[in-house]
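Below: one structure, written as structure tokens.
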Amino acid sequence: AADAPLAGAIGAEAGSWTARWYAEAGVELRHGVKAVSVEAGGLELAGGGSIEADLVLTGIGVRPETGWLEGSGLALENGVVVDEGMRTSRPGVFAVGDCAAWWSARFGRRLRVEHWDVALNAPDVVAANLLGGERAYDAVPYFWSEQFGRMVQYAGHHPVADTTVWRGDPDADRWSLCWLSGDRLVAILTVDRPRDLVQGRRLIASGAPVDIGRLTDPDVPVRATVRG
């Protein structure tokens, strides 16, 4: 239904560069097409038309179910609203995991990230704060996906960016795409360049300014692009 693969995760511009992988694998990829029903023998499409199929696989994702919390006094907005310490709007009540929309000081907005990395690390913050601490959760979001034998990794939050730069040729087998806000790296997408991802994630976390000219050179390590 989207304009490109992975558009919801990395944006349509970046996702469009993955479309050729489908063609190379013999997969017919249709953009902006919605299925309205599964019938015997295949799919019925919005606006007419159908696709014959012996097997239909659906991967439509999920949304937080917060209807049962209406009237509870908890603030709800794309999940359960929490502060940087995972506290809800009601004293003594915390939320954590896929349902929690937490405030990120790093990106200046509220994030809700559906990934095991959040489920693994954010509960430590909740536990510390339940015991009277003042911990904050502000990790750099991360995910990975294997696409047709390619390791695709992403870290950061690209919607806050105002500039994008490439490291390498997106028509080649290995490349990275970097998003920046001013001279600071805020997100990075890598294809079979795991070192770029590891170093880029650390650089996003540090908030250090980078030399954009050096960042565009794929032979220069990401960590070596920090301005002195």
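Counting heavy atoms of the protein chains only and a 1.4 Å probe, report the per residue accessible area for the chain as a whole number of Å².
Values: 12670 Å² over 228 residues.
Computed with neighbouring chains in place, this is 56 Å² per residue.
Toward the positive end of the charge dipole of the chain, with +1 on the Cβ of Lys and Arg and -1 on the Cβ of Asp and Glu, the farthest Cα among MET86, TRP175, ILE10 is that of MET86.
Using a 1.4 angstrom probe on the protein heavy atoms only, line up TRP175, TRP166, TRP103, TRP68 by accessible area, largest first. Show your work: numbers first, answer last.
Values: TRP175 0, TRP166 70, TRP103 95, TRP68 190 Å².
Result, largest first: TRP68, TRP103, TRP166, TRP175.
Between region 183-206 and region 93-118, the C-alpha centres lie 20 angstrom from each other.
Counting other Cβ atoms within 10 Å of each Cβ, which GluC sites (Glu not before Pro) in region 1-39 have at most 13 and sit in a DSSP loop? All intermediate terms of the calculation are to be shown ahead of the outcome.
Working: sites: GLU13, GLU24, GLU28, GLU39; in loops: GLU28.
For GluC sites (Glu not before Pro) across region 1-39 that sit outside H, G, I, E and B with at most 13 neighbouring Cβ atoms in 10 Å, the list reads GLU28.
In the distance distribution for region 53-148, Cα-Cα pairs more than 17 Å apart total 55 percent.
The tail of the calculated P(r) for region 52-96 beyond 14 Å holds 58 percent of all Cα-Cα pairs.
Average 1/r across all pairs of distinct alpha carbons in region 150-228, invert it, and you get the Kirkwood radius: 12.0 Å. Hydrodynamic analysis of region 1-42 uses the Kirkwood radius over alpha carbon pairs. Inserted into Stokes-Einstein at 20 °C and 1.002 mPa s, it gives a translational diffusion coefficient of 188 µm²/s. Solvent-accessible area of GLU77, all protein chains in place: 120 Å² (probe radius 1.4 Å, heavy atoms, ligands and nucleic acids excluded). Once R0 is set to 30 Å, what does the formula 1/(1 + (r/R0)^6) return for the Cβ-Cβ distance between ARG184 and LEU120, expressed as a FRET efficiency to the nearest 0.05? About 0.70, to the nearest 0.05. Placing +1 on each Lys and Arg Cβ and -1 on each Asp and Glu Cβ, with no other charges, gives the chain a dipole about its Cα centre of roughly 860 debye. Here the spin labels are modelled as points 7 Å beyond Cα on the Cα-Cβ line, and at ASP169 and ARG109 they lie 3.4 nm apart.
From the helices alone, meaning DSSP H stretches of at least four residues, give me the mean residue ellipticity at 222 nm for the chain, per-run term -39500 (n - 2.57), in deg cm²/dmol to the nearest 500. -5500 deg cm²/dmol, from helical runs alone.
Each Lys and Arg Cβ is given +1 and each Asp and Glu Cβ -1; about its Cα centre, region 24-86 then shows a dipole of about 140 debye. With kT/(6 pi eta Rh) evaluated at 20 °C and eta = 1.002 mPa s, and Rh the Kirkwood radius from Cα pairs, region 1-79 diffuses with a coefficient of 138 µm²/s according to Stokes-Einstein.
The label-point distance for ARG227 and SER206, in a model that sets each label 7 Å from Cα toward Cβ, rounds to 1.5 nm. In the set [x] 0.93; [y] 1.01; [z] 1.03, which value of Rg/Rh (Cα atoms, Kirkwood Rh) was calculated from the structure you see? Structure-derived value, by its label: [z].
The values are calculated or read from the model by the stated rules, or taken from the named source; none is laboratory data. Bear in mind the structure is a predicted one, so any value in this text is a computation, not a measurement. So basically every Cβ, Gly included, is an ideal-geometry build from the backbone, and we count neighbours across all protein chains shown. In case anyone asks, the SASA skips ligands and DNA or RNA and just uses the protein heavy atoms, side chains included. Shrake-Rupley method; radii C 1.70, N 1.55, O 1.52, S 1.80 Å.
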